[in-house]
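So the structure is just underneath, and the comments pick up after that.
Read-outs: derived from the displayed coordinates by stated rules, not from any lab. Keep in mind it's a predicted model, so treat the numbers as computed, not measured.
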């Protein structure tokens with residue numbers, strides 16, 4: 001069992017927040033003395049504050065910069081497919 005306190009700001013991680021939960025890509029955007037502001041990338045990007053003491057079942061990996069670039073291209077290209085500029 002891990003906690004959010006182990007995560008570094010501006011880094012991307014793949015985590016399993018609860019046992020047998022789906023894997024989630026997160027990015028820590030800000031840190032205070034007792035909390036972390038986290039972006040969660042799922043069907044939509046979600047943002048939330050987490051206590052540093054909040055549990056994480058497993059930190060699967062710290063995602064490399066190259067992997068983040070590849071993922072980012074795929075994620076944002078597929079997001080654009082849902083919106084077209086032809087709406088009237």
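Of note:
- Over the chain: helical MRE at 222 nm, DSSP H runs n ≥ 4 each giving -39500 (n - 2.57), nearest 500: -6000 deg cm²/dmol
- Helix 65-80 vs. the chain, principal-axis angle (Cα, 0 to 90°, nearest 10): 40
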